[in-house]
Structures are given as C-alpha cells and as structure tokens.
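Comments concern the structure below.
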Amino acid sequence: MNEIIITTVAISGISAIFAFLLTLADRTIGNYGEVSIIINEDKEYTVQGGSSLLSTLIDEKIFIPSACGGKGTCGYCKVRVLEGGGPILSTETPFMSDEEIEKGVRLSCQCKVKENIKIEIPEELFNVKEFAAVVEEMEDVTSVIKRLKLKLPEGEDISFKPGQFIQLKAPIYEGNDEEVYRAYSIASSPYDKDHIELFIGYVPNGICTTYVHKHLKVGDTVQINGPYGDFYFQEDSDREIVLVAAGTGIAPILSILRYMKEKNINRKATFYFGARTPDDLMMTDFFKELEETMFDFKYIPTLTRATEEHNWQGERGRVNVVIDKYLENGEYKEAYLCGNKAMIDTMVTALTAKGLSEELIYFDKFD
Ligand SMILES: Cc1cc2nc3c(=O)[nH]c(=O)nc-3n(C[C@H](O)[C@H](O)[C@H](O)COP(=O)(O)OP(=O)(O)OC[C@H]3O[C@@H](n4cnc5c(N)ncnc54)[C@H](O)[C@@H]3O)c2cc1C
Ligand code: FES
C-alpha cells in the first residue's frame, strides 16, 4: 500500500517539475522579440513574436475567418505562408489538399509567428470590419433558437453578400475564462446596411451560445466582425433555385430570399425546411407572405416527429424524401444548402441523384 502511495507521489512530483520546466522554457525560448509580417508583398507590420499567426493578425485588426476560435478544428483560417512559419504541423495536414501543402497554405491558428514571415491573404479580408453592435431585439423563435437583431454604431455600415457570415465574440463571463469568436450566418438583407440579424441555437456547455442564451440582454453591446465566406447567392445565373435548411441553417436562406424580394429577382425558388415538430418551425408567416408576394416562390416545411396531437397537414419525413417527391428537372436548377454535416451530405446525394450538377450545389456546414 505504502509503495503505491510513494509511487503516486513520485509520479505527481516528476509531472509537476516537467510542467514547471515547460512553462519556463516557453517563457524564455518563447520570447521571439519583434518580427515583421509582410502581407501580399505590400503591407508590412512589426509585431511581437510568439503568438499564433491568427491572433497576431487579429491584434493588427486583420480578421481571418475562424469558426472554431483557433482550436484547429474548423479549417477556416487558411492563409498562404510564402516565407517563415516553419514546417506544417500534423494538426494542419488533415485540412489540406496536396496542392495546398505544395503552395504553403497553413492554418493560421496553428502556425506560430517566431521569425519574419511573408504571407498572402485574399484582398477582401482587408475589408472585414469590426463593430461594437448593440442588441436591439432578442426573441425565442423556438425553445432552443434565439433571433437577435443588432444595430451597428451610428454612421457605420456593412456590405455583404446574401449567405455570408460574421464572427461574434464571446467575452469572458462567469464559467468562461477565454474570449472566443464563433461564426454566425447573417439572416438580414444586404440592403439593411446598419443592422445584422442572427439566429443562434443553444449548444449545451457551448461557450458562445451559453453567452448569448444565458447572459446577453437587449441593450448590451457585442463585438462582431465580418463579412466572410464563399457561400453566397449567385447573381449571374438565371437558374431555378432550390433552398434547403434545417434548424439555424434558416439564417442565410432568409438573407437570400429577402435580397431576391427586395431586388425583384424573377427566378423560381423553392425552400425545403426540415424540422422535427411544428414547434421547431420559424418565420412561417414571413414565408407564407413571400409565397403571395414573390415572383414564383414555394415554402415546403417537412416534419419528422409530428404526432396526431400536432394535427400537422403538411409534409412528413426527412427533406431528402420530400425532394424525391417534388423536385424535377434538376439539370436546370442550382441549390443552396445550410445545416449540419449529416444533412448536407444526404442532400448532396439526393440532389445529384435528381440531376443537379455538383458544382451548382452551394453549401455551408455548421458543424
Ligand atoms: C460558416 C458557419 C456559419 C454558422 N452559422 C451559424 C448560425 O447562423 N447559427 C448558429 O446557431 N450556429 C452557426 N454556426 C455554428 C457556430 O459557429 C458555433 O459552432 C456554435 O454556435 C457553437 O458554438 P459554442 O461556442 O456555443 O460551442 P463550443 O464551445 O464551440 O462547443 C462546445 C461543444 O459543443 C460541440 N458543438 C458545437 N456546435 C455544436 C452543434 N451545433 N451541435 C452539437 N454540438 C455542438 C462542440 O464540438 C464542443 O464539444 C455556424 C458555423 C459556421 C462554420
Ligand atoms: S480557427 Fe479553426 S482551424 Fe484555425
């Protein structure tokens, strides 16, 4: 018995010494002093070395998309590193194609700034702005989803394409000791330039959603930055449009439909929305009104768990089943999908089986 206690104490002691040495090494070896970052050959910044490229750029008000807050799990924060940056890490390679590795693409949250570094980023990222927005409206649209309307500061506005997203900063709050950014799709119309509407679902123990659902109030100020994303409405097409969403995936679809209505775009569009029960449906009156007022729009909600008590008269089953029933001539259509990975994967299979070309199926995966 004594031997077990002595061994346990010894192992704990050795671990503590190792932890101390690692911290000491990080503080001393990790002091890289001032280094320079050259971006797109023409902009130079002098920064303190030692942090990730992502957080170093944020300090310089250059915002790279990051949906996981720098945990190395979303793959959104890619930048091309032309010089410096060290070798690519095993945490990065699962997100890279061979071509990207060849070109020096890195996850900026994993790549540390330890020496002078040259990088290349899309020019449009210099247009990403940060705003201190005020929560003007907040309501429960289902038991787990809140709709937020944010007002941008007086005199400031945002330009975005319908379908794009912003990042919302969750600050430090009781139970959370780190600031994190999370991606949320914009639901408002690009014509409403001084507001941003969001639909945020509650994830148990999630840092940002707990902040929004349990701490945030009307009148509070939140930090957002954007816009980001290559999922957006394709203006230069005249194809019929298939829109598919589940849960908070409704947000970018709303933005697209609002834009189409306000710009008077005369393209046939059908929106398939998947939910479990009637309680999970949102904005029903709005979609019904669009059916009356838009060029040729149809809203088809479908429920997987409607019971007798719900007295549901609409479609039942998963969205792919309903698509199978209604969708014809897929070769003349393009599709916009938004929701979780499983739903998107199923839908891509269902839509290509109906004749849609894979290049014309645009999607945003939320997890
Ligand atoms: C481009 C893009 C757009 C997005 N738009 C929206 C949007 O409009 N509305 C919206 O609500 N969300 C949206 N998301 C998801 C959002 O960015 C966050 O991932 C989500 O809100 C969880 O953040 P969190 O900080 O609360 O959870 P975290 O602290 O990041 O996660 C806590 C735990 O929950 C798990 N988890 C994370 N998300 C989910 C989930 N959805 N379901 C179950 N478990 C989960 C994580 O793996 C982790 O284990 C979008 C994501 C992307 C990439
Ligand atoms: S921020 Fe998500 S992988 Fe880098």
Fluctuation leader among M343, M283, M138 - the chain, Gaussian network, Cα springs under 10 angstrom
M283
GNM of the chain, Cα pairs under 10 angstrom: of Y32, Y299, Y336, the biggest fluctuation goes to Y32
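Tell me, what does the Kirkwood hydrodynamic radius of the stretch 240-365 come to in angstroms if you use every pair of distinct C-alpha atoms?
Details: mean 1/r = 0.0681 Å⁻¹.
After inverting the pairwise mean of 1/r, the radius is 14.7 Å.
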Over the chain, what relative contact order in percent results from Cα pairs under 8 Å that are six or more residues apart?
12
How are the C-alpha pair distances of the stretch 216-308 spread across 10 Å bins, as whole percents from the shortest bin up?
13, 41, 30, 15, 1
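If the limit is 24 Å between Cα atoms, which of K78/K268; K151/K214; K288/K325; K112/K341; K193/K261; K146/K169 go over it? Don't skip to the end; give the middle numbers.
On the way: K78/K268 36 Å; K151/K214 20 Å; K288/K325 21 Å; K112/K341 30 Å; K193/K261 16 Å; K146/K169 17 Å.
Table pairs above 24 Å Cα-Cα are K78/K268; K112/K341.
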Take the eigenvalues of the Cα gyration tensor for the chain, scale each by 5, and report the square roots as semi-axes in whole Å, largest first.
41, 26, 22
Tail beyond 17 Å, pair distance distribution of the stretch 50-199 (Cα, percent)
67
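Tell me the carbon and sulfur percent of the accessible area for the chain, rounded to whole percent, probe radius 1.4 Å.
Numbers: 9470 of 19150 Å².
Of the solvent-accessible surface of the chain, carbon and sulfur hold 49 percent.
Nearest-5 percent of antiparallel DSSP beta bridges in the chain?
Details: 42 of 71 bridges.
Around 60 percent antiparallel, to the nearest 5.
How large is the accessible surface per residue of the stretch 240-365, computed with a 1.4 Å probe and reported in Å² as a whole number?
Numbers: 6110 Å² over 126 residues.
With the other protein chains kept in place, the stretch 240-365 gives 48 Å² per residue.
Given N residues in the stretch 128-228, what is its alpha carbon radius of gyration divided by 2.2 N^0.38 Å?
Working: Rg = 12.8 Å, N = 101, 2.2 N^0.38 = 12.7 Å.
So the stretch 128-228 has a normalised radius of gyration of 1.00.
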Given a Förster distance of 22 Å, report the FRET efficiency between E178 and E130 from their Cβ-Cβ distance, rounded to the nearest 0.05.
0.75
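Applying a 10 Å radius around every beta-carbon, put 250-259, 167-176 in order of their mean neighbour count, most first.
On the way: 250-259: 25.7, 167-176: 16.2.
Averaged packing, sorted descending, gives the order 250-259, 167-176.
Given R₀ = 41 Å, what would the calculated FRET efficiency be for S159 paired with T307, taking r from the Cβ atoms and rounding to 0.05?
Details: r = 45 Å, r/R0 = 1.11.
For S159 and T307, the calculated efficiency is 0.35.
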Among A133, A353, A275, whose mean-square fluctuation peaks in a Gaussian network model of the chain (Cα, cutoff 10 Å)?
A353
Length-normalised contact order for the stretch 240-365 - Cα pairs under 8 Å, 6+ apart - percent:
28
Restricting to Cα pairs below 8 Å that are 6+ residues apart, what does the relative contact order work out to for the stretch 34-122? Please round to a whole percent.
43
Mind giving me the nanometre distance, one decimal, between the label points for N340 and T46, set 7 Å out from Cα along Cα→Cβ?
5.1
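Could you work out how much longer the chain between E359 and K214 gets when fully extended? Use 0.36 nm per residue separation minus the Cα distance between them, nm to one decimal.
Details: separation 145, 0.36 × 145 = 52.20 nm, distance 4.03 nm.
Answer, rounded to one decimal: 48.2 nm.
Work out the FRET efficiency for L82 and V321 from their Cβ-Cβ distance, taking R0 = 51 Å, and round it to the nearest 0.05. Each step should come with its number before you reach the end.
On the way: r = 49 Å, r/R0 = 0.96.
Rounded to the nearest 0.05, the efficiency is 0.55.
The values are calculated or read from the model by the stated rules, or taken from the named source; none is laboratory data. All values reported here derive from a predicted model rather than from experimental measurement. No Cβ is skipped: glycine too gets one built from the backbone with ideal geometry, and neighbour counts run over all protein chains shown. Surface accessibility is based on the protein's heavy atoms, side chains included, excluding ligands, DNA and RNA. Shrake-Rupley method; radii C 1.70, N 1.55, O 1.52, S 1.80 Å.
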